[in-house]
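Following: one structure in structure tokens, then a few remarks.
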Amino acid sequence: MWKRLFSKKTNEEPAPQEKEAGFFGKLVAGLEKTKQGFVGKVEQVLSGRQVDEELFEELEEILIQADCGVSTSLYLVDQLRERAKEERITEGDRLREVLKEEILQLLQKDASPLKTPEEKPYVIMMVGVNGSGKTTTIGKLAHRFRQEKANVLLGAGDTFRAGAIDQLEIWAERTGSEFISHQAGSDPAAVAYDAISAAKARNSDVVILDTAGRLQTNVNLMAELGKVHRVVQRELGRDLDEVLLVVDATTGQNALSQAKRFQEAVPLTGLVLTKLDGTAKGGIILALANELNLAVKLVGVGEQYEDLQDFDAEAFVEALFGEGN
């Protein structure tokens, strides 16, 4: 969980155990579609079956249909084959636990939370395509930091849409954050520069910089994204704390293509997976974690402020495979 370094916890806040229990419940509910469309099908195939090649082929098909990706699906099934041979597993029901263990291991491979603040301002740059939930995620993050009594500044780097600037300003007002913007059509790098300069002058704790949503196939806009990152890095005098790609879980395999292109344009430090509650193909999280070697740092399973939380691989796998959910 995020370490509260900006302030001490207040007495009004719920205990950490209560907050974690509450979010786990939402995670279970949010993953219900994926549980039914992915784990439910796996359990149907494994139940009462003998382990043979036909079983592995059926599992492979289910994994691919759940948007785990061909490469990741083949990897997981190969792991199951190997372990079934080594551990002399002959019953399909036993493979359920093995699959659960392998998925957990895959998700934990590059797992890491949001970076702990070491110096001010703590800077997060958010990138992603239109409609991924990027601006809403910024608002939820701003709320989170404000709850920790941090002084937050939001930079409206999406200058292509006047509506995007207005939307971020509303989030700034809602969360009590400061706000830096230019007119629509302005140079986004100039907004980024001013945001960092203002944060230094105002002794801000946190800067969250929005960027224009762009298709990963637009070469010019992706190059511009790299320019914005370089300007922030130069003005900051060090690496950014986080460069987070916001991915809509409902886009399935297209999310993997997006992530690979964005990773080429800027040095991503992690992923934010939104709208997990809206898809039956949450297996995309496995493909992203396996093929990009990037940590999934935050997940969103609802519309409320608190529905954006640190990604916990163990909680995620338990929500998927847990009994009686």
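Of note, residue 156 does not satisfy the criterion of being buried (at least 23 other Cβ atoms within 10 Å of the Cβ) and part of a helix (DSSP H, G or I). Scanning the stretch 64-107 for residues that are part of a helix (DSSP H, G or I), touching a Lys or Arg at 6+ places or on another chain (Cβ under 7 Å) and either within 19 Å of residue 293 (Cα to Cα) or of a type in the set (A, V, I, L, M, F, W, C) (or both) yields one hit, 98. Based on this model, can you work out whether residue 170 counts as among the β-branched types (Val, Ile, Thr), surrounded by fewer than 21 Cβ atoms within 10 Å (Cβ to Cβ) and over 16 Å from the mean Cα position of the chain (by Cα)? Yes; evaluated as a whole, the condition is true for this residue. Note on the stretch 216-237: residues that are in a loop (DSSP other than H, G, I, E, B), in contact (Cβ under 8 Å) with a residue 24 or more places away in the chain and of a type outside the set (Val, Ile, Thr) total 1. Could you look through the stretch 267-282, keep only residues that are at pLDDT below 85 and either within 20 Å of residue 113 (Cβ to Cβ) or not basic (Lys, Arg) (or both), and pick out the one that is farthest from the chain's Cα centre (by Cα)? Among those that are at pLDDT below 85 and either within 20 Å of residue 113 (Cβ to Cβ) or not basic (Lys, Arg) (or both), it is 280.
Among the residues making up the stretch 293-320, those that are surrounded by fewer than 19 Cβ atoms within 10 Å (Cβ to Cβ) and part of a helix (DSSP H, G or I) are 305, 306, 307, 314, 315, 318.
The rows are residues; the columns are (1) buried (at least 23 other Cβ atoms within 10 Å of the Cβ); (2) touching an Asp or Glu at 6+ places or on another chain (Cβ under 8 Å); (3) closer than 23 Å to residue 168 by Cα; (4) polar (S, T, N, Q).
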site	(1), (2), (3), (4)
100	no, no, no, no
106	no, no, no, no
110	no, no, no, no
113	no, yes, no, no
121	yes, yes, yes, no
130	no, no, yes, yes
134	yes, yes, yes, no
138	yes, yes, yes, no
143	no, no, yes, no
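Selection of first residues in the stretch 101-122 that are under 30 Å from residue 204 (Cβ atoms) and of second residues that are surrounded by fewer than 18 Cβ atoms within 10 Å (Cβ to Cβ) and aliphatic (A, V, I, L, M), restricted to Cβ pairs under 8 Å at least 6 apart or on distinct chains, gives the following pairs, ordered by first then second residue: 113/1; 116/5; 117/5. Looking across the stretch 257-267, the residues that are closer than 20 Å to residue 67 by Cβ and touching a strand residue (DSSP E or B) at 6+ places or on another chain (Cβ under 9 Å) come down to 258, 259, 262, 263.
Among 295, 289, 319, 315, which is the only one that is hydrophobic (A, V, I, L, M, F, W, C), more than 14 Å from the chain's Cα centre (by Cα) and closer than 18 Å to residue 114 by Cβ? Don't jump to the end; show me each part of the working.
On the way: 295 fails: more than 14 Å from the chain's Cα centre (by Cα); 289 fails: more than 14 Å from the chain's Cα centre (by Cα); 319 fails: closer than 18 Å to residue 114 by Cβ.
Among 295, 289, 319, 315, only 315 is hydrophobic (A, V, I, L, M, F, W, C), more than 14 Å from the chain's Cα centre (by Cα) and closer than 18 Å to residue 114 by Cβ.
When the stretch 50-69 is filtered for residues that are at pLDDT below 90 and touching an Asp or Glu at 6+ places or on another chain (Cβ under 8 Å), only 69 remains.
The values are calculated or read from the model by the stated rules, or taken from the named source; none is laboratory data. All figures in this text were calculated on a predicted structure; none of them were measured in a lab. Note: ideal-geometry Cβ built from the backbone for every residue, glycine included; neighbour counts use all protein chains shown.
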